[in-house]
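A quick write-up on the structure given underneath.
The values are calculated or read from the model by the stated rules, or taken from the named source; none is laboratory data. Bear in mind the structure is a predicted one, so any value in this text is a computation, not a measurement. Counting neighbours? That spans all protein chains shown, and the Cβs are built from the backbone with ideal geometry, glycine included.
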Amino acid sequence: MEKYVLSLDQGTTSSRAILFNHSGEIVEVAQQEFKQYFPEPGSVEHDANEIWTSVQHCMTEVLRKADVEASQVVSIGITNQRETTVVWDRETGKPVYKAIVWQSRQTEDICHDLKQQGLEETFRQKTGLLLDPYFSGTKVKWILDHVEGVRERAENGELMFGTIDTWLIYKLTGGDVHVTDYSNASRTLMYNIHELKWDDELLDYLTVPKAMLPEVKDSSEVYGHTVDYHFLGENVPIGGACGDQQAALFGQACFEKGMAKNTYGTGCFMLMNTGDEAVASEHGLLTTLAWGVDGKVHYALEGSIFVAGSAIQWLRDGLHLIETAAETEDLALQVNTTDGVYVVPAFVGLGTPYWDSQARGAVFGLTRGSEKEHLVRATLESLAYQTKDVVHAMVEDAGLELKKLRVDGGAVRNNFLMQFQSDMLDVEVERPVVNETTALGAAYLAGLAVGFWNSKNDIANQWNVERTFQPEMDEEQRNDQYDGWKRAVKATQAFTS
Ligand code: G3P
């Protein structure tokens, strides 16, 4: 009977289970969206139990659809929305509060206080991150400070902290295993990425008890097995875990120093592999752990854009301008330009290179002639402009010229966007055959752990281009349009400063 690897891709707006065969091809997909909670402006929360329910649904659904037995699954790989923070009771497994999502801004005051104490540089040097509400550390502190009785229980060792990978492994193993991997640990603001350990000094500043923290492991190793009542009667190894953006870098086979990918998901995240060197950024990029494989870690430089696909979702669910994301390609192509309209989708602040957590979205350049098509096109273009901001930072920091960009994520199906991206960057944009690279990366990591694949070489040989977009825009037009974007961002920031 044929064997498969099951990848669980737990994202910001939906959970997915994807079954891959030995050739790295998608056999079947199951997906379920779950509820988003917005308790106050700028706050975003999930219910960790609802996430778990959706993951269980997808696991059983994907096997049913593919007509595959659980015994044919050789390994499970987990990849997850990163930074999102869950705190739960060690014994009962019951979360003490909602999961605070990476996009949530509710810890702005905590970040501000830490900055006032002059601690940003210490955090940056040790973790490669900035004091922004994006990361988990201040979210854990917020839960301990705001939920009654929780700090005391944490200090007594009764509670566990985890990002979503940790939460899912805990649930899948029936509460037996409390681990995370290097890539996820490196997003917490509590992990020293040079010494590869939880950092006591930072934990002190954040007032987070060490007893809550998971053990940090390689991204490719067997952490435990599913307990039979959770996975159709089978004890399947959980062989890999990796934050979704790092998993995509792995799935894009960016194994060599200098190789980069950009994922267009809820947000947009560009990562460049920097090998065994933790490159410190001077231009607002993050230094992060890419993965640990065979006891050896790789580092990456990352540009984080908070709103990308979710801007298209806003056109659909907020403004009701479109019914499906797929329509945006045709709509954008119905006009030749945006006629000077710019959308700056800073709904939850701005990430790389601005790091302005107070900025909020704006639309510029409207005239009486502005139509839906202009607004849709301007929203798509904003993804490409934000990516160009990040590429600039990366080229400056790494001192490398970007020749090609590998892309993945839902929005790369939009040919208009990919062509515009290539035009804006003036580089080739390569879209792979398997564009579910995040899930594929997690599958590869899980498969490597059990010998389903033998080496990174096997994996690199499976990577294929589906379509390459060549730059067609002339330089003057490119510069003009990009200048307009820079002015729009400046004006957006001025409004809230
Ligand atoms: O750091 C946040 C990132 O991991 C979220 O990814 O795919 O849910 O947009 P995604």
*What number of residues in the range 30-52 are farther than 30 Å from D109 by Cβ and surrounded by fewer than 15 Cβ atoms within 10 Å (Cβ to Cβ)?*
1
_Matching residues in the range 56-98 - criterion: being within 16 Å of the ligand (Cβ to nearest atom) and touching a residue at least 60 places away in the same chain (Cβ under 8 Å)_ = G77, I78, T79, N80, Q81, R82, E83, T84, T85, V86
*Failed condition for T438, given (1) more than 19 Å from T338 (Cβ to Cβ); (2) more than 16 Å from the ligand (Cβ to nearest atom), with all others met?*
(2)
_Just to be sure before I move on: is A278 within 16 Å of the ligand (Cβ to nearest atom) and closer than 20 Å to E83 by Cβ in the structure I sent?_
no
_Restricting to the range 1-29, name every residue that is surrounded by fewer than 20 Cβ atoms within 10 Å (Cβ to Cβ) and under 15 Å from C58 (Cβ atoms)._
T13, S14, I26, V27, E28, V29
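Conditions (1) within 13 Å of the chain's Cα centre (by Cα); (2) away from the ligand (no atom under 16 Å from the Cβ); (3) surrounded by fewer than 18 Cβ atoms within 10 Å (Cβ to Cβ), marked per residue:
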| position | (1), (2), (3) |
| --- | --- |
| A253 | no, yes, no |
| T263 | yes, no, no |
| C268 | yes, no, no |
| L271 | yes, no, no |
| T274 | no, yes, no |
| E282 | no, yes, yes |
*Among D294, D244, which is within 13 Å of the ligand (Cβ to nearest atom) and of a type in the set (D, E, K, R)?*
D244
*Going through the range 242-283 one residue at a time, which ones are of a type in the set (S, T, Y) and over 18 Å from Y444 (Cα atoms)?*
Y264, T266, T274, S281
*Output the number of residues of the range 305-348 satisfying the condition of being assigned to a helix (DSSP H, G or I) and either within 16 Å of the ligand (Cβ to nearest atom) or within 22 Å of the chain's Cα centre (by Cα) (or both).*
9
*Determine whether the range 58-77 contains at least one residue that is of a type in the set (V, I, T), under 18 Å from the mean Cα position of the chain (by Cα) and closer than 16 Å to K171 by Cα.*
no
_Among (1) out of contact with any Gly (no Cβ under 7 Å at 6 or more places or on another chain); (2) closer than 21 Å to D9 by Cβ, the one test that E475 misses_ = (2)
*Among T127, T188, which is the only one that is closer than 23 Å to A446 by Cβ and in contact with a Gly (Cβ under 9 Å, 6 or more places away or on another chain)?*
T188
_A17, sole failed condition from (1) within 15 Å of the ligand (Cβ to nearest atom); (2) within 17 Å of the chain's Cα centre (by Cα)_ = (1)
*Got a number for residues in the range 1-56 being in contact with a Phe, Trp or Tyr (Cβ under 7 Å, 6 or more places away or on another chain) and aliphatic (A, V, I, L, M)?*
7
_I'm told R478 meets every condition in (1) more than 20 Å from Q246 (Cβ to Cβ); (2) under 26 Å from the mean Cα position of the chain (by Cα) except one. Can you identify the failing condition by its number?_
(2)
*May I ask you to list pairs of residues, at least six apart or on different chains, whose Cβ atoms are under 8 Å apart, with the first in the range 382-410 being basic (K, R) and assigned to a helix (DSSP H, G or I) and the second being surrounded by fewer than 18 Cβ atoms within 10 Å (Cβ to Cβ) and at pLDDT 85 or above?*
K388/Y482
*Among the numbered conditions (1) more than 16 Å from the ligand (Cβ to nearest atom); (2) within 26 Å of Q246 (Cβ to Cβ); (3) at pLDDT below 95, tell me where F38 comes up short.*
(2)
*asked:* Restricting to the range 110-129, give me the number of residues that are touching a residue at least 24 places away in the same chain (Cβ under 8 Å), in a loop (DSSP other than H, G, I, E, B) and farther than 14 Å from E195 by Cα.
replied: 3
*Go through the residues of the range 431-440 one by one and say whether even a single one is assigned to a strand (DSSP E or B) and touching a residue at least 24 places away in the same chain (Cβ under 8 Å).*
yes
*Taking T379 as the residue in question, decide whether it is more than 16 Å from the ligand (Cβ to nearest atom) and either over 22 Å from the mean Cα position of the chain (by Cα) or assigned to a loop (DSSP other than H, G, I, E, B) (or both).*
no
*Where in the range 181-269 are the strands (runs of 3 or more DSSP E), entirely inside, with at least 2 residues that are aliphatic (A, V, I, L, M)?*
237-243
*Tell me, yes or no, whether the range 87-94 has at least one residue that is among the polar types (S, T, N, Q) and in contact with a strand residue (DSSP E or B) (Cβ under 6 Å, 6 or more places away or on another chain).*
no
*asked:* Suppose we keep only residues that are among the acidic types (D, E) and either under 27 Å from the mean Cα position of the chain (by Cα) or closer than 15 Å to D113 by Cα (or both) within the range 132-161. Which one would you say is surrounded by the fewest Cβ atoms within 10 Å (Cβ to Cβ)?
replied: D145
